[in-house]
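One structure is given here, and the rest of the page talks about it.
Here, each number is a calculation from the coordinates, and none is a lab measurement. From a predicted model like this one, the values you see are computed outputs, not experimental measurements. Methodologically, a virtual Cβ is constructed for each residue, glycine included, from the backbone with ideal geometry; neighbour enumeration extends over all protein chains shown.
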Amino acid sequence: MKIASLLPSCTEIACALGLEEEIVGVSHECDFPEKMKLKPVLTKSKINNSGRSDQIDKDVLEIVKKGLSVYDIYEEKLKELNPDVILTQDQCEVCAVSLKDVEELTNKYICNAKILSLKPLVFEDIFDDIKKIGMVTNREKQAERLIENLYSRVDNIKSKTRNLTYKPKVCVIEWLFPLMIAGNWSPEMIEIAGGVNLFGKRGKHSGKIDFERILDYQPDKIIISPCGFKVYQTINDIDFLTSIPKWKKLKAVQNNEVYVIDGNAYLNRPSQRIVDSLEILSSVIHPELFSEKKEFAFRLDYLLQNSING
C-alpha cells in the first residue's frame with residue numbers, strides 16, 4: 001500500500017501504526033518522526049510561515065477572501081507517486097491543503113487513490129481518527145492497541161484530578177496578533193488536567209478575544225502556544241503581548257505563571273501526541289501532581305531572560 005499524507009497529524013498517526021515505509025509522500029510541514037523529512041514533498045505554502053503573526057494573518061485572510069487555498073499540491077509528483085490512499089483534512093482551511101483541491105486532482109485521474117479526510121473538533125474525535133486511519137490502511141489491531149494505551153494515560157490523569165478542591169483558571173492563547181484563544185479540544189484538555197477553562201468553546205474553532213476580557217477574568221495560569229509556531233517563533237513575536245500596557249496587571253504575569261509550549265508539535269496537532277500535550281498541560285496546571293512532561297513547558301520569564309531565539 002502506498003500512502004500520501006498531506007497533514008502532519010496524519011503522518012504521525014500512520015507512523016505510530018507501523019506504516020513508515022508505506023508512506024510515499026508527505027506535506028511540507030510533516031516533521032515527525034524525523035525521517036519523514038526525507039520523504040518526497042507534495043505540498044507548498046503560498047505564504048511565508050516564518051513571518052510575524054500579524055503578517056501571516058493578513059496574508060491568509062487575503063488568500064481566503066479570493067476563494068483560494070493557502071496551499072498548493074505538486075500535481076506531477078502526486079501523479080508520479082500514484083498513492084493508493086491519501087490522508088488529508090477538512091477541519092481547517094488554513095491548516096493544510098483543501099479537501100476540494102485533493103478531490104479535483106483525483107477526479108482528473110492524476111491518481112486513483114482512496115481519500116480519507118479527517119475533521120477532528122473535540123478530544124474524542126482524535127481517537128476516532130486513529131481508528132479510521134487504522135481501518136483504511138488495514139492496521140485495525142495496531143490502532144486498537146494504540147488507542148487503549150492512550151486512554152490508559154488519560155485515565156491516569158483523570159484519576160488524579162477528578163476530586164481536586166482547587167482548580168486554577170486557565171487561558172490558552174493560540175495566536176498572538178490578532179489575539180486568539182484556543183478552542184476545539186483544548187477546553188476539554190484543560191478540564192481533564194484539573195483546570196477551569198475560561199474562554200475557549202469545546203468543538204468550536206479558536207476565536208479572537210479582547211485583552212481587556214482576559215484582564216477582567218484574571219486567569220491563574222496563561223499558556224501561550226500559537227498554532228504552527230515553535231517556541232523560538234513565539235518568543236520572536238511575544239512583544240505583541242508584552243507590549244500591551246496592562247500586560248503586567250495580569251495576576252498570572254505577576255505570579256510568574258505564564259508558560260510557552262511548542263504549538264507546532266503540541267496542543268494544536270491532533271495526533272496520538274495529543275496525550276503528550278495533555279500531560280504537558282497537567283504539569284503546568286498541577287505541578288504538584290504531575291512531572292512527566294514538565295520540561296516541555298517553559299516559563300516565559302525564563303525564555304526572555306535567556307534570550308531564546310531561532
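Can you work out ³J(HN,Hα) from phi for every residue in region 67-75, in order, using Karplus 6.51 cos²θ - 1.76 cosθ + 1.60 and θ = phi - 60°, giving whole Hz and x for Gly and Pro?
The phi angles translate into x, 9, 8, 6, 10, 10, 10, 6, 4 Hz.
Just checking my list (1) 57, 48, 36; (2) 59, 43, 33; (3) 81, 45, 37 against Cα extents along the principal axes in Å computed from this structure; which label fits?
Among (1) 57, 48, 36; (2) 59, 43, 33; (3) 81, 45, 37, the one derived from this structure is (2).
Calculate the spin-label point distance for Asn306 paired with Lys141, positioning each point 7 Å from the Cα along the beta-carbon direction, and give it in nanometres.
Taking the two extended label points, one gets 4.5 nm.
Once the Cα atoms of helix 140-161 and of the chain are each reduced to a long axis, what angle between those two axes, in degrees from 0 to 90 to the nearest 10, is obtained?
Approximately 10 degrees, to the nearest ten.
Between Lys66 and Asp155, what is the label-to-label distance in nm when each label sits 7 Å out along the Cα-to-Cβ direction?
5.2 nm
Given the rule -39500 (n - 2.57) for each run of at least 4 DSSP H residues, summed and divided by the residues of the chain, what is its mean residue ellipticity at 222 nm, to the nearest 500 deg cm²/dmol?
-11000 deg cm²/dmol
Can you run the Rg to Rh ratio on region 97-138? Use alpha carbon positions and the Kirkwood inverse-distance Rh.
1.06
How many nm is it between the label spots at Lys249 and Glu103, if each spot is 7 Å from the Cα in line with the beta carbon?
Modelled inter-label distance: 4.9 nm.
Going 7 Å from the Cα of Asp54 along its beta-carbon direction, which residues of region 220-256 have the amide nitrogen within less than 12 Å of the resulting point?
239-241, 243-244
Take the alpha-carbon positions of region 3-145, form their convex hull, and give its projected area averaged over all directions (one quarter of the hull surface) in nm².
Projected area, direction-averaged: 8.8 nm².
Quick check for me: using +1 on Lys/Arg Cβ and -1 on Asp/Glu Cβ, what's the dipole size of region 1-152 about its Cα centre, in debye to the nearest 20?
The calculation lands at about 280 debye.
As I understand it, the value is the acute angle between the Cα axis of helix 274-285 and the longest principal axis of the Cα atoms of the chain; what does it come to in degrees, rounded to 10?
10 degrees
Please rank Val196, Val26, fewest neighbouring Cβ atoms within 10 Å first, as an exposure proxy.
Lowest count first: Val196, Val26.
On a C-alpha basis, how far is the centre of region 207-223 from the centre of region 243-310 in Å? Whole number, if you could?
Value for the Cα centre distance between the two parts: 15 Å.
What FRET efficiency comes out for Lys204 versus Lys44 if R0 is 30 angstrom and r is the Cβ-Cβ distance? Round to the nearest 0.05.
Working: r = 30 Å, r/R0 = 0.98.
So the FRET efficiency works out to roughly 0.50.
Can you find, among Val136, Ser291, Asn107, the residue farthest towards the positive end of the dipole of the chain? Put +1 on the C-beta of Lys and Arg, -1 on that of Asp and Glu.
The Cα lying farthest towards the positive end belongs to Ser291.
By how many degrees, between 0 and 90 and to the nearest 10, does the Cα long axis of helix 53-65 differ from the longest principal axis of the chain?
Taking Cα atoms only, the helix is inclined about 40 degrees.
About its Cα centre, what dipole magnitude does the chain give when the only charges are +1 on Lys and Arg Cβ and -1 on Asp and Glu Cβ, stated in debye to the nearest 20?
Roughly 540 debye, rounded to the nearest 20.
Is region 164-305 best put as rounded, prolate or oblate by its Cα gyration tensor, with a ≥ b ≥ c the root eigenvalues, rounded for a/c under 1.5, and otherwise prolate when a/b is larger than b/c, oblate when not?
Judged from the Cα gyration tensor, region 164-305 comes out rounded (a/c under 1.5).
Can you give the direction-averaged projected area of the convex hull of the alpha-carbon atoms in region 55-206, in nm²? Spell out each step's value before the answer.
On the way: hull surface 44.7 nm².
In nm², the orientation-averaged hull projection of region 55-206 is 11.2.
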